[in-house]
1. Mind checking which residues of segment 136-159 are in contact with a helix residue (DSSP H, G or I) (Cβ under 7 Å, 6 or more places away or on another chain) and either polar (S, T, N, Q) or part of a helix (DSSP H, G or I) (or both)?
2. How many residues are closer than 11 Å to residue 159 by Cβ and either open to solvent by 50 Å² or more (accessible area, probe 1.4 Å) or among the aromatic types (Phe, Trp, Tyr) (or both) when one looks only at segment 105-116?
3. All but one of (1) touching a residue at least 40 places away in the same chain (Cβ under 8 Å); (2) open to solvent by 60 Å² or more (accessible area, probe 1.4 Å) hold for residue 218; state the number of the condition that does not hold.
4. Do the conditions hold for residue 224, that is, is it closer than 20 Å to residue 130 by Cα and either surrounded by 11 or more Cβ atoms within 10 Å (Cβ to Cβ) or more than 46 Å from the chain's Cα centre (by Cα) (or both)?
5. With the structure loaded, tell me whether residue 119 is open to solvent by less than 80 Å² (accessible area, probe 1.4 Å) and either in a helix (DSSP H, G or I) or of a type in the set (Phe, Trp, Tyr) (or both) or whether it fails that test.
6. If you take the residues of segment 166-194 that are among the hydrophobic types (A, V, I, L, M, F, W, C) and under 46 Å from the mean Cα position of the chain (by Cα), which of them is surrounded by the fewest Cβ atoms within 10 Å (Cβ to Cβ)?
7. Are any residues in segment 122-138 of a type in the set (S, T, N, Q) and open to solvent by 50 Å² or more (accessible area, probe 1.4 Å), and if so, which ones?
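The values are calculated or read from the model by the stated rules, or taken from the named source; none is laboratory data. Everything numeric here is computed off the predicted structure, so don't read it as measured data. FYI the Cβ positions are ideal-geometry reconstructions off the backbone, even for glycines, and counts take in every protein chain you see. Side chains included, ligands, DNA and RNA excluded: accessible areas come from the protein's heavy atoms. Shrake-Rupley method; radii C 1.70, N 1.55, O 1.52, S 1.80 Å.
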Amino acid sequence: MQWQKHKLVMAMVLAGSLQAMAADIDTAVDKGVKRAESAQQSQAKIDAIDSDTRNKERDYRALVKEIQGLETYINQLDRQLAMQQQELADIDSSIEQVTLIERQITPLMLRMIDSIEQFVAADVPFQIDERRQRVAALKDIMGRSDVTVAEKYRKVLDAYQKEMDYGRTIRSYRAPLSIDGAEREVDFLRVGRIALVYQSLDGEHLGVWNQQQKAWQPLDSEYKSKMTQALRIAREQAAPDLIRVPVAAPVDHGQEK
């Protein structure tokens, strides 16, 4: 009986130990679960931090590349700006030179126009109205502010060129002329500057300009056929050929003295 009580006590003690051990195991398991949950949470935080770090790194690299591109663009703009400043300096220098040239060339053009006017007045009087009108137009254009200096200079040179061309061309034209006190319509023939001859439309009056005497001299009727042929050649109504026209003989002023 005593033995049985002892066994019962032993069993009760063992049962209490087992219960304590079970409680300790439950506590350990709970702590393990909590540690695992805490580790998961920590890992999740680490993963989030890593992802955020990677995103920021990508943003940083993209920003660095953008900055490098902007620096390259700014350097290019600086070079363009430097070139534009140089071009502006060149333009300013050119404007100063143009202004200087304009101040110098305007008096020159005025003298050139005066020379043309004097030459026309002293020259053989062919197409006289046309040439005087050209000189008048030059004088008018010189006073206009809406015409550039370059255009004015071109007009003056063009007038000089036309006067030069007269010396190596043949032309016929029709214009009125006072003959024996009566104005008649006549055909003029200009051969360069060496001969200016006229013939009335009825062919009855012929004359040649004498540059030394500054007057018209009548021609004999024998020149009528030659004049008619020369007029046809000048009008391109006949094939080019040798023509015979009267030329006033120059005066040797040395012999006159």
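1. We begin by selecting, within segment 136-159, every residue in contact with a helix residue (DSSP H, G or I) (Cβ under 7 Å, 6 or more places away or on another chain); these are 138-139, 141-142, 147, 149, 152-153, 155-156, 159.
Hits for segment 136-159 are 138, 139, 141, 142, 149, 152, 153, 155, 156, 159.
2. Pass one, segment 105-116, residues closer than 11 Å to residue 159 by Cβ: 109, 112-113, 115-116.
If we keep only those that are either open to solvent by 50 Å² or more (accessible area, probe 1.4 Å) or among the aromatic types (Phe, Trp, Tyr) (or both) too, we end up with 115.
Final tally of qualifying residues: 1.
3. Condition (1) is where residue 218 drops out.
4. On the way: closer than 20 Å to residue 130 by Cα: no; either surrounded by 11 or more Cβ atoms within 10 Å (Cβ to Cβ) or more than 46 Å from the chain's Cα centre (by Cα) (or both): yes.
When the stated conditions are applied, residue 224 does not pass them.
5. On the way: open to solvent by less than 80 Å² (accessible area, probe 1.4 Å): no; either in a helix (DSSP H, G or I) or of a type in the set (Phe, Trp, Tyr) (or both): yes.
No.
6. Keep residues of segment 166-194 that are among the hydrophobic types (A, V, I, L, M, F, W, C), which gives 170, 175, 177, 179, 182, 186, 188-189, 191, 194.
When the remaining residues are screened for being under 46 Å from the mean Cα position of the chain (by Cα), the result is 170, 175, 188-189, 191, 194.
Details: 170: 16, 175: 14, 188: 20, 189: 24, 191: 18, 194: 12.
The extreme case among them is 194.
7. Step one: of segment 122-138, the residues of a type in the set (S, T, N, Q) are 127, 133.
The answer is 133, and nothing else.
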